[in-house]
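Student: Encoded as C-alpha coordinates, here's the structure I'll be asking about.
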Amino acid sequence: MAASRLVFKCVKIWEPVAFSKMRRFGLRFIGLVLLLTGSTMALADQQNRPILLLAKQMFDGENFINDAAILVAGGHISATGPLALASSTAAEVIDLGDATVLPGFIELHAHSRFQNVPAETILRHGVTTIRDVGGPVFPASGGDGSLRMMTSGPIITAPGGYPITTFGANTIGVPIATEEQAREAVRQLIANGAVVIKVALEPGAETGAPWTSHHEHGASKAAPAKKPWPLMSESVVKAIVDEANRYQRKVTAHIGEKNGARIALNAGITEWAHMPCAHIPDTLLQKAFAQQVKIVSTLDTLSKCPGISGNASRWAALGGELLYGAEIAHPDIPWGIDAQELFYMMRLADMTLVEVLRSATSKAGSLLGIPLLGTLATGAPADIIAVKGSLNKAVKKLEYPDFVMSGGKRVVNSFAN
(Lines give C-alpha, C1' and ligand atoms only; values in the text may rest on other atoms or scores of the structure.)
Protein backbone atom coordinates (compact mmCIF):
# COMPACT_ATOMS: atom_id res chain seq x y z
CA MET A 1 0.00 0.00 0.00
CA ALA A 2 2.82 2.39 0.91
CA ALA A 3 4.54 1.57 -2.31
CA SER A 4 1.33 2.28 -4.20
CA ARG A 5 0.98 5.70 -2.58
CA LEU A 6 4.62 6.48 -3.44
CA VAL A 7 4.07 5.58 -7.07
CA PHE A 8 0.88 7.65 -7.14
CA LYS A 9 2.69 10.66 -5.68
CA CYS A 10 5.49 10.29 -8.20
CA VAL A 11 2.95 10.20 -11.02
CA LYS A 12 1.12 13.24 -9.67
CA ILE A 13 4.40 15.14 -9.43
CA TRP A 14 5.55 14.06 -12.97
CA GLU A 15 2.22 14.58 -14.70
CA PRO A 16 2.20 18.41 -14.89
CA VAL A 17 5.89 18.47 -15.76
CA ALA A 18 5.42 15.89 -18.53
CA PHE A 19 2.29 17.58 -19.79
CA SER A 20 4.05 20.90 -19.84
CA LYS A 21 6.92 19.42 -21.84
CA MET A 22 4.54 17.66 -24.17
CA ARG A 23 2.55 20.86 -24.60
CA ARG A 24 5.67 22.85 -25.43
CA PHE A 25 6.80 20.14 -27.88
CA GLY A 26 3.36 20.01 -29.44
CA LEU A 27 3.19 23.75 -29.90
CA ARG A 28 6.63 23.79 -31.43
CA PHE A 29 5.72 20.91 -33.75
CA ILE A 30 2.50 22.62 -34.78
CA GLY A 31 4.39 25.85 -35.35
CA LEU A 32 6.95 24.05 -37.50
CA VAL A 33 4.18 22.44 -39.53
CA LEU A 34 2.48 25.79 -40.01
CA LEU A 35 5.78 27.39 -40.99
CA LEU A 36 6.55 24.67 -43.53
CA THR A 37 3.00 24.72 -44.82
CA GLY A 38 3.10 28.48 -45.12
CA SER A 39 6.43 28.33 -46.94
CA THR A 40 5.11 25.69 -49.30
CA MET A 41 1.97 27.69 -49.93
CA ALA A 42 4.02 30.82 -50.50
CA LEU A 43 6.24 28.93 -52.94
CA ALA A 44 3.18 27.55 -54.71
CA ASP A 45 1.68 31.04 -54.84
CA GLN A 46 4.93 32.35 -56.32
CA GLN A 47 5.02 29.58 -58.93
CA ASN A 48 1.38 30.17 -59.84
CA ARG A 49 1.74 33.94 -59.76
CA PRO A 50 0.99 35.72 -63.05
CA ILE A 51 4.00 37.03 -64.97
CA LEU A 52 4.10 40.34 -66.80
CA LEU A 53 6.68 40.46 -69.60
CA LEU A 54 7.80 43.85 -70.86
CA ALA A 55 9.94 44.40 -73.96
CA LYS A 56 10.74 47.08 -76.49
CA GLN A 57 9.35 45.06 -79.40
CA MET A 58 7.12 42.05 -79.99
CA PHE A 59 6.37 39.88 -83.00
CA ASP A 60 2.94 38.50 -82.16
CA GLY A 61 2.82 35.84 -84.89
CA GLU A 62 1.55 38.28 -87.49
CA ASN A 63 3.27 41.65 -87.13
CA PHE A 64 5.82 43.60 -85.10
CA ILE A 65 4.48 45.78 -82.28
CA ASN A 66 6.42 48.31 -80.22
CA ASP A 67 6.37 48.53 -76.40
CA ALA A 68 5.14 45.03 -75.68
CA ALA A 69 3.34 43.94 -72.51
CA ILE A 70 2.29 40.31 -72.13
CA LEU A 71 0.51 38.92 -69.08
CA VAL A 72 0.95 35.17 -68.56
CA ALA A 73 -1.28 33.18 -66.20
CA GLY A 74 -2.22 29.52 -65.99
CA GLY A 75 0.11 28.52 -68.81
CA HIS A 76 -1.56 30.85 -71.33
CA ILE A 77 -1.42 34.48 -72.38
CA SER A 78 -4.22 36.20 -70.47
CA ALA A 79 -3.79 39.72 -71.86
CA THR A 80 -1.51 41.89 -73.96
CA GLY A 81 -0.87 45.61 -74.33
CA PRO A 82 -2.64 48.14 -72.07
CA LEU A 83 -5.03 45.47 -70.78
CA ALA A 84 -2.05 43.41 -69.59
CA LEU A 85 -0.67 46.42 -67.72
CA ALA A 86 -4.05 47.16 -66.15
CA SER A 87 -4.49 43.53 -65.02
CA SER A 88 -0.98 42.97 -63.64
CA THR A 89 -1.25 44.27 -60.06
CA ALA A 90 -0.42 40.87 -58.55
CA ALA A 91 2.02 39.78 -61.27
CA GLU A 92 5.75 39.24 -61.19
CA VAL A 93 7.26 41.77 -63.57
CA ILE A 94 10.07 40.69 -65.91
CA ASP A 95 11.42 43.67 -67.82
CA LEU A 96 13.37 42.44 -70.85
CA GLY A 97 14.47 45.94 -71.81
CA ASP A 98 15.32 46.41 -75.49
CA ALA A 99 14.52 42.77 -76.32
CA THR A 100 12.34 41.40 -79.09
CA VAL A 101 9.71 38.90 -77.93
CA LEU A 102 8.30 36.22 -80.27
CA PRO A 103 6.22 33.05 -80.13
CA GLY A 104 8.33 29.93 -79.77
CA PHE A 105 9.25 28.45 -83.14
CA ILE A 106 7.43 25.43 -84.55
CA GLU A 107 9.59 22.87 -86.39
CA LEU A 108 7.44 20.95 -88.88
CA HIS A 109 10.08 18.49 -90.06
CA ALA A 110 12.15 16.73 -87.40
CA HIS A 111 13.50 13.26 -86.68
CA SER A 112 14.51 13.92 -83.08
CA ARG A 113 13.30 10.70 -81.49
CA PHE A 114 14.66 8.51 -84.24
CA GLN A 115 18.10 10.14 -83.85
CA ASN A 116 17.86 10.61 -80.05
CA VAL A 117 18.25 14.39 -80.06
CA PRO A 118 17.64 15.70 -76.50
CA ALA A 119 14.30 17.50 -76.27
CA GLU A 120 15.71 19.89 -73.68
CA THR A 121 18.42 21.02 -76.11
CA ILE A 122 15.86 21.77 -78.82
CA LEU A 123 13.68 23.72 -76.40
CA ARG A 124 16.53 25.81 -75.00
CA HIS A 125 17.41 26.85 -78.56
CA GLY A 126 14.06 28.43 -79.33
CA VAL A 127 11.90 25.65 -80.77
CA THR A 128 8.99 25.05 -78.41
CA THR A 129 7.00 22.68 -80.66
CA ILE A 130 8.20 20.02 -83.08
CA ARG A 131 6.49 17.57 -85.40
CA ASP A 132 8.56 14.41 -85.81
CA VAL A 133 7.84 12.97 -89.26
CA GLY A 134 9.64 9.65 -89.50
CA GLY A 135 10.51 7.64 -86.42
CA PRO A 136 8.69 6.16 -83.41
CA VAL A 137 5.03 7.10 -82.95
CA PHE A 138 3.85 8.51 -79.62
CA PRO A 139 0.82 10.49 -78.45
CA ALA A 140 1.30 14.26 -78.39
CA SER A 141 3.05 15.48 -75.23
CA GLY A 142 4.81 18.44 -73.64
CA GLY A 143 4.06 22.13 -73.74
CA ASP A 144 4.17 22.65 -69.98
CA GLY A 145 7.81 23.50 -69.45
CA SER A 146 8.95 20.78 -71.83
CA LEU A 147 9.16 20.52 -75.61
CA ARG A 148 5.74 20.08 -77.21
CA MET A 149 6.09 17.07 -79.48
CA MET A 150 3.82 15.48 -82.08
CA THR A 151 4.65 12.53 -84.30
CA SER A 152 3.71 10.87 -87.58
CA GLY A 153 5.33 7.58 -86.76
CA PRO A 154 7.13 5.49 -89.41
CA ILE A 155 6.85 6.52 -93.04
CA ILE A 156 4.49 4.46 -95.19
CA THR A 157 6.28 3.27 -98.32
CA ALA A 158 6.44 0.57 -100.98
CA PRO A 159 8.14 -2.74 -100.14
CA GLY A 160 11.83 -2.12 -100.66
CA GLY A 161 11.18 1.62 -101.00
CA TYR A 162 12.70 4.60 -99.23
CA PRO A 163 13.49 4.86 -96.29
CA ILE A 164 13.62 1.10 -95.79
CA THR A 165 16.45 1.08 -98.32
CA THR A 166 18.57 3.07 -95.87
CA PHE A 167 17.25 2.38 -92.36
CA GLY A 168 15.32 -0.88 -92.56
CA ALA A 169 11.64 -1.60 -91.81
CA ASN A 170 9.65 -0.99 -88.64
CA THR A 171 11.95 1.74 -87.32
CA ILE A 172 11.34 4.59 -89.72
CA GLY A 173 9.49 2.87 -92.58
CA VAL A 174 6.39 0.65 -92.90
CA PRO A 175 6.14 -1.28 -96.20
CA ILE A 176 2.68 -1.79 -97.71
CA ALA A 177 1.64 -3.30 -101.04
CA THR A 178 -2.16 -3.10 -101.20
CA GLU A 179 -4.92 -0.62 -100.55
CA GLU A 180 -6.18 -2.63 -97.57
CA GLN A 181 -2.70 -2.75 -96.04
CA ALA A 182 -2.51 1.00 -96.60
CA ARG A 183 -5.76 1.65 -94.75
CA GLU A 184 -4.77 -0.64 -91.88
CA ALA A 185 -1.37 1.07 -91.54
CA VAL A 186 -3.06 4.46 -91.32
CA ARG A 187 -5.53 3.24 -88.68
CA GLN A 188 -2.74 1.72 -86.60
CA LEU A 189 -0.60 4.85 -86.71
CA ILE A 190 -3.50 7.06 -85.68
CA ALA A 191 -4.45 4.69 -82.87
CA ASN A 192 -0.91 5.04 -81.54
CA GLY A 193 -1.02 8.83 -81.60
CA ALA A 194 0.00 10.01 -85.08
CA VAL A 195 -1.10 13.59 -85.81
CA VAL A 196 -0.18 13.34 -89.49
CA ILE A 197 0.55 10.49 -91.90
CA LYS A 198 3.78 10.57 -93.87
CA VAL A 199 4.37 8.72 -97.12
CA ALA A 200 7.53 8.29 -99.19
CA LEU A 201 7.34 8.80 -102.95
CA GLU A 202 11.06 8.75 -103.51
CA PRO A 203 12.82 6.90 -106.37
CA GLY A 204 16.24 8.07 -105.20
CA ALA A 205 17.44 9.68 -108.39
CA GLU A 206 18.13 13.29 -107.35
CA THR A 207 21.66 14.64 -107.48
CA GLY A 208 22.66 16.34 -104.25
CA ALA A 209 19.97 14.88 -102.02
CA PRO A 210 21.41 13.50 -98.78
CA TRP A 211 19.21 10.40 -98.96
CA THR A 212 20.64 9.39 -102.37
CA SER A 213 24.36 9.71 -101.64
CA HIS A 214 24.68 5.92 -101.69
CA HIS A 215 22.29 5.46 -104.60
CA GLU A 216 23.69 7.37 -107.58
CA HIS A 217 21.94 6.55 -110.82
CA GLY A 218 24.57 7.79 -113.17
CA ALA A 219 26.28 4.91 -114.95
CA SER A 220 30.05 4.74 -115.00
CA LYS A 221 32.71 2.33 -116.24
CA ALA A 222 33.17 1.06 -112.70
CA ALA A 223 29.51 0.69 -111.75
CA PRO A 224 26.33 0.45 -113.81
CA ALA A 225 23.27 2.55 -112.99
CA LYS A 226 21.13 1.21 -110.15
CA LYS A 227 17.42 0.68 -110.45
CA PRO A 228 15.15 3.35 -108.95
CA TRP A 229 13.60 2.59 -105.60
CA PRO A 230 10.01 1.33 -105.94
CA LEU A 231 7.09 3.73 -105.46
CA MET A 232 3.58 3.06 -104.19
CA SER A 233 0.91 3.16 -106.87
CA GLU A 234 -1.43 6.10 -107.15
CA SER A 235 -4.39 3.97 -106.04
CA VAL A 236 -2.58 2.86 -102.88
CA VAL A 237 -1.60 6.42 -102.02
CA LYS A 238 -5.18 7.54 -102.63
CA ALA A 239 -6.34 4.88 -100.15
CA ILE A 240 -3.92 6.31 -97.57
CA VAL A 241 -5.27 9.83 -98.11
CA ASP A 242 -8.90 8.71 -97.91
CA GLU A 243 -8.34 6.75 -94.70
CA ALA A 244 -6.39 9.58 -93.09
CA ASN A 245 -9.13 12.05 -93.96
CA ARG A 246 -11.72 9.78 -92.34
CA TYR A 247 -9.89 10.38 -89.05
CA GLN A 248 -9.30 14.11 -89.68
CA ARG A 249 -5.63 13.61 -90.43
CA LYS A 250 -3.64 15.03 -93.31
CA VAL A 251 -0.91 13.35 -95.32
CA THR A 252 2.55 14.78 -95.94
CA ALA A 253 4.65 13.39 -98.77
CA HIS A 254 8.41 12.99 -98.98
CA ILE A 255 9.04 13.79 -102.64
CA GLY A 256 12.15 14.92 -104.44
CA GLU A 257 11.33 14.86 -108.15
CA LYS A 258 8.53 14.95 -110.69
CA ASN A 259 7.28 11.34 -110.53
CA GLY A 260 6.65 11.48 -106.81
CA ALA A 261 5.12 14.94 -107.17
CA ARG A 262 2.72 13.70 -109.84
CA ILE A 263 1.53 10.76 -107.71
CA ALA A 264 1.09 13.00 -104.68
CA LEU A 265 -0.98 15.53 -106.60
CA ASN A 266 -3.18 12.94 -108.29
CA ALA A 267 -3.80 11.24 -104.93
CA GLY A 268 -4.89 14.50 -103.30
CA ILE A 269 -1.96 15.07 -100.91
CA THR A 270 -1.87 18.71 -99.79
CA GLU A 271 1.53 18.89 -98.09
CA TRP A 272 5.02 18.20 -99.35
CA ALA A 273 7.53 17.43 -96.61
CA HIS A 274 10.38 19.02 -98.64
CA MET A 275 10.88 21.56 -101.34
CA PRO A 276 11.73 19.06 -104.11
CA CYS A 277 15.42 18.51 -104.78
CA ALA A 278 15.22 17.99 -108.57
CA HIS A 279 13.60 20.40 -111.02
CA ILE A 280 9.79 20.24 -110.97
CA PRO A 281 8.04 21.22 -114.23
CA ASP A 282 5.96 24.38 -114.14
CA THR A 283 2.80 22.43 -114.92
CA LEU A 284 3.17 20.38 -111.72
CA LEU A 285 4.01 23.41 -109.58
CA GLN A 286 0.98 25.22 -110.99
CA LYS A 287 -1.21 22.21 -110.23
CA ALA A 288 0.19 22.09 -106.69
CA PHE A 289 -0.65 25.76 -106.22
CA ALA A 290 -4.16 25.25 -107.59
CA GLN A 291 -4.68 22.36 -105.12
CA GLN A 292 -3.47 24.58 -102.24
CA VAL A 293 -0.46 22.43 -101.46
CA LYS A 294 1.77 23.64 -98.63
CA ILE A 295 5.50 22.93 -98.82
CA VAL A 296 7.79 22.57 -95.80
CA SER A 297 11.04 24.30 -96.69
CA THR A 298 14.09 22.19 -95.61
CA LEU A 299 16.16 24.36 -97.97
CA ASP A 300 19.26 24.20 -95.77
CA THR A 301 19.55 20.43 -95.67
CA LEU A 302 18.86 20.25 -99.44
CA SER A 303 21.08 23.19 -100.40
CA LYS A 304 23.30 20.97 -102.60
CA CYS A 305 20.38 20.02 -104.83
CA PRO A 306 20.61 21.73 -108.23
CA GLY A 307 16.83 22.13 -108.47
CA ILE A 308 16.18 23.60 -105.04
CA SER A 309 16.75 27.27 -105.88
CA GLY A 310 14.65 27.27 -109.05
CA ASN A 311 11.81 25.35 -107.41
CA ALA A 312 11.74 27.74 -104.45
CA SER A 313 11.78 30.89 -106.56
CA ARG A 314 9.11 29.64 -108.99
CA TRP A 315 6.94 28.46 -106.09
CA ALA A 316 7.24 31.91 -104.52
CA ALA A 317 6.37 33.61 -107.82
CA LEU A 318 3.16 31.57 -107.96
CA GLY A 319 2.25 32.71 -104.46
CA GLY A 320 2.65 29.21 -103.03
CA GLU A 321 2.80 28.75 -99.26
CA LEU A 322 6.19 27.80 -97.81
CA LEU A 323 6.35 26.76 -94.16
CA TYR A 324 9.42 26.60 -91.94
CA GLY A 325 11.06 23.24 -91.39
CA ALA A 326 14.77 22.57 -91.05
CA GLU A 327 14.86 18.79 -90.49
CA ILE A 328 16.23 18.76 -86.95
CA ALA A 329 18.43 15.70 -86.35
CA HIS A 330 19.81 15.82 -89.86
CA PRO A 331 23.62 16.24 -89.93
CA ASP A 332 24.79 19.88 -89.92
CA ILE A 333 21.35 21.21 -88.88
CA PRO A 334 21.22 23.01 -85.50
CA TRP A 335 19.27 21.36 -82.70
CA GLY A 336 16.92 24.31 -82.45
CA ILE A 337 16.14 27.30 -84.66
CA ASP A 338 18.13 27.18 -87.92
CA ALA A 339 19.01 30.73 -88.97
CA GLN A 340 20.45 29.47 -92.25
CA GLU A 341 17.03 28.09 -93.13
CA LEU A 342 15.57 31.55 -92.54
CA PHE A 343 18.24 33.11 -94.75
CA TYR A 344 17.51 30.65 -97.57
CA MET A 345 13.77 31.31 -97.31
CA MET A 346 14.39 35.05 -97.63
CA ARG A 347 16.93 34.73 -100.43
CA LEU A 348 15.62 31.84 -102.55
CA ALA A 349 11.90 32.31 -101.99
CA ASP A 350 12.10 36.13 -101.77
CA MET A 351 10.27 36.16 -98.43
CA THR A 352 10.40 39.12 -96.04
CA LEU A 353 11.47 38.71 -92.42
CA VAL A 354 7.84 38.99 -91.32
CA GLU A 355 6.75 36.32 -93.80
CA VAL A 356 9.47 33.96 -92.65
CA LEU A 357 8.58 34.46 -89.00
CA ARG A 358 4.90 33.83 -89.75
CA SER A 359 5.84 30.57 -91.49
CA ALA A 360 7.57 29.37 -88.32
CA THR A 361 4.90 30.54 -85.87
CA SER A 362 1.27 31.38 -86.64
CA LYS A 363 1.03 29.59 -90.00
CA ALA A 364 2.72 26.48 -88.62
CA GLY A 365 0.40 26.51 -85.61
CA SER A 366 -2.60 26.75 -87.89
CA LEU A 367 -1.35 23.74 -89.86
CA LEU A 368 -1.12 21.72 -86.64
CA GLY A 369 -4.68 22.67 -85.70
CA ILE A 370 -3.89 23.90 -82.18
CA PRO A 371 -5.88 27.10 -81.48
CA LEU A 372 -3.65 30.19 -81.35
CA LEU A 373 -0.43 28.14 -81.17
CA GLY A 374 2.40 30.18 -82.67
CA THR A 375 0.86 33.51 -81.68
CA LEU A 376 1.03 35.85 -78.70
CA ALA A 377 -2.69 36.53 -78.77
CA THR A 378 -4.90 36.37 -75.69
CA GLY A 379 -5.66 32.72 -74.95
CA ALA A 380 -2.60 31.35 -76.76
CA PRO A 381 -0.28 28.85 -75.08
CA ALA A 382 2.46 30.83 -73.34
CA ASP A 383 5.28 29.50 -75.54
CA ILE A 384 7.52 32.55 -75.75
CA ILE A 385 11.10 33.34 -76.72
CA ALA A 386 13.05 36.59 -76.66
CA VAL A 387 16.38 37.88 -77.91
CA LYS A 388 18.22 41.01 -76.89
CA GLY A 389 17.89 43.92 -79.27
CA SER A 390 16.32 44.04 -82.72
CA LEU A 391 16.02 41.20 -85.23
CA ASN A 392 16.65 43.43 -88.22
CA LYS A 393 19.46 41.74 -90.19
CA ALA A 394 20.34 39.71 -87.10
CA VAL A 395 18.27 36.50 -87.25
CA LYS A 396 21.34 34.46 -86.27
CA LYS A 397 20.73 35.45 -82.66
CA LEU A 398 17.50 33.42 -82.75
CA GLU A 399 19.62 30.27 -82.52
CA TYR A 400 20.60 31.31 -78.99
CA PRO A 401 17.54 32.96 -77.42
CA ASP A 402 18.00 34.86 -74.17
CA PHE A 403 14.58 33.89 -72.85
CA VAL A 404 12.49 30.76 -73.40
CA MET A 405 9.13 29.96 -71.84
CA SER A 406 7.05 26.83 -72.42
CA GLY A 407 3.46 26.75 -71.23
CA GLY A 408 4.14 29.67 -68.89
CA LYS A 409 7.19 28.02 -67.31
CA ARG A 410 10.60 29.63 -67.67
CA VAL A 411 13.24 27.45 -69.28
CA VAL A 412 15.92 30.06 -70.14
CA ASN A 413 16.29 33.55 -68.70
CA SER A 414 19.65 35.21 -69.24
CA PHE A 415 18.07 38.58 -68.41
CA ALA A 416 18.21 37.54 -64.74
CA ASN A 417 22.03 37.46 -64.85
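The values are calculated or read from the model by the stated rules, or taken from the named source; none is laboratory data. This one's a predicted model, so the numbers in the text were calculated from it and none came from an experiment. All Cβ positions, even for glycine, are placed from backbone atoms using ideal geometry, and neighbour counts span all protein chains on display. Ligands, DNA and RNA are stripped out before the accessible areas are found, and what is left, the full protein with its side chains, is counted by its heavy atoms. Shrake-Rupley method; radii C 1.70, N 1.55, O 1.52, S 1.80 Å.
Student: Can you tell me the accessible area per residue over the chain, all protein chains present, probe 1.4 angstrom, in square angstrom?
Tutor: 46 Å²
Student: Roll a 1.4 Å probe over the protein heavy atoms and report the accessible area of ASP67 in Å², nearest 10.
Tutor: Number for this one is 120 Å².
Student: Under the rule of at least 5 residues apart or a separate chain, name every residue whose amide H is placed under 5 Å from the amide H of HIS109.
Tutor: Residues meeting the amide H criterion: ARG131, ALA326, GLU327, ILE328.
Student: How far apart, in nm, are the 7 Å Cα→Cβ label points at PHE343 and ALA90?
Tutor: Distance between label points: 4.8 nm.
Student: Follow-up question, since we're still on this one. For the cross-link pairs LYS250/LYS396; LYS250/LYS294; LYS227/LYS287; LYS294/LYS396; LYS294/LYS363, which exceed 21 Å when the distance is taken from alpha carbon to alpha carbon?
Tutor: Where the Cα-Cα span goes over 21 Å, the pairs concerned are LYS250/LYS396; LYS227/LYS287; LYS294/LYS396.
Student: Then there is this: Would you please classify the overall shape of region 332-417 from the alpha carbon gyration tensor, given that a ≥ b ≥ c denote the square roots of the eigenvalues, rounded means a/c under 1.5, and beyond that prolate means a/b larger than b/c while oblate covers the rest?
Tutor: In terms of gyration-tensor shape, oblate.
Student: Which order do the peptides 101-113, 172-184 come out in when sorted by mean C-beta neighbours inside 10 angstrom, highest first?
Tutor: Final packing ranking: 101-113, 172-184.
Student: Moving to a separate point now. Scattering from the C-alpha atoms of region 267-417 alone, worked out with Debye: what is log10 I(q)/I(0) at q = 0.11, 0.12, 0.13, 0.16 1/Å?
Tutor: -0.46, -0.55, -0.64, -0.93
Student: A follow-up question, please. Could you grab the Rg to Rh ratio for region 280-343? Cα atoms only, Kirkwood for Rh.
Tutor: 1.00
Student: Could you go through region 353-359 in sequence order and give the Karplus-derived ³J(HN,Hα) for each residue, using 6.51 cos²θ - 1.76 cosθ + 1.60 with θ = phi - 60°, rounded to whole Hz, and x for Gly and Pro?
Tutor: Coupling constants for region 353-359: 4, 4, 5, 5, 5, 4, 5 Hz.
Student: Given 37 °C and 0.692 mPa s, compute D for region 82-151 with the Stokes-Einstein relation, Rh being the Kirkwood radius over Cα pairs; round to the nearest whole µm²/s.
Tutor: D, rounded to a whole number, is 232 µm²/s.
Student: Another one. So how tilted is helix 179-191 from the main axis of the chain? Cα-based, degrees 0 to 90, rounded to 10.
Tutor: The angle comes out near 20 degrees.
Student: Could you work out the equivalent-ellipsoid semi-axes for region 218-318, taking the square root of 5 times each eigenvalue of the Cα gyration tensor, largest first, in whole Å?
Tutor: With the √(5λ) rule applied to region 218-318, the semi-axes are 25, 19, 12 Å.
Student: Roughly how many whole Å is it from the C-alpha centroid of region 227-263 to that of region 306-329?
Tutor: 20 Å
Student: Taking the Cα centre as origin and putting +1 on Lys and Arg beta-carbons and -1 on Asp and Glu beta-carbons, what dipole magnitude results for the chain, to the nearest 20 debye?
Tutor: 1680 debye
Student: Which one of ILE94, ILE295, ILE130 has the biggest mean-square fluctuation once the chain is modelled by GNM with Cα springs under 10 Å?
Tutor: Among ILE94, ILE295, ILE130, the largest mean-square fluctuation in the Gaussian network model of the chain belongs to ILE94.
Student: Using amide H atoms built 1.01 Å from N in the peptide plane, name the residues 5+ places from GLY104, or on other chains, whose amide H lies under 5 Å from its own.
Tutor: The answer is ASP383, ILE384, ILE385.
Student: To test your reading of the geometry: what angle, between 0 and 90 degrees and rounded to tens, separates the Cα axis of helix 2-48 from the longest principal axis of the chain?
Tutor: In the chain, helix 2-48 runs at an angle near 30 degrees to the longest axis.
Student: Aspartates and glutamates within cross-link reach of LYS388: Cα-Cα under 19 Å, excluding same-chain residues under 8 positions apart?
Tutor: Output for LYS388: ASP60, ASP67, ASP95, ASP98, ASP338, GLU399, ASP402.
Student: Run the 1.4 Å probe and let me know the accessible area of LEU318, rounded to the nearest 10 Å².
Tutor: 60 Å²
Student: Using the Kirkwood formula over every pair of different C-alpha atoms, what hydrodynamic radius in Å results for the chain?
Tutor: In the chain this quantity evaluates to 23.8 Å.
Student: May I pose another question? What's the angle, to the nearest 10 degrees (0 to 90), between helix 234-246's Cα axis and the longest principal axis of the chain?
Tutor: Between the helix axis and the principal axis of the chain, the angle is about 30 degrees.
Student: Okay, moving on. ³J(HN,Hα) across region 259-275 via Karplus (A = 6.51, B = -1.76, C = 1.60, θ = phi - 60°), whole Hz, x for Gly/Pro?
Tutor: Result, ordered by residue: 5, x, 4, 5, 4, 4, 5, 5, 8, x, 6, 10, 9, 9, 6, 9, 5 Hz.
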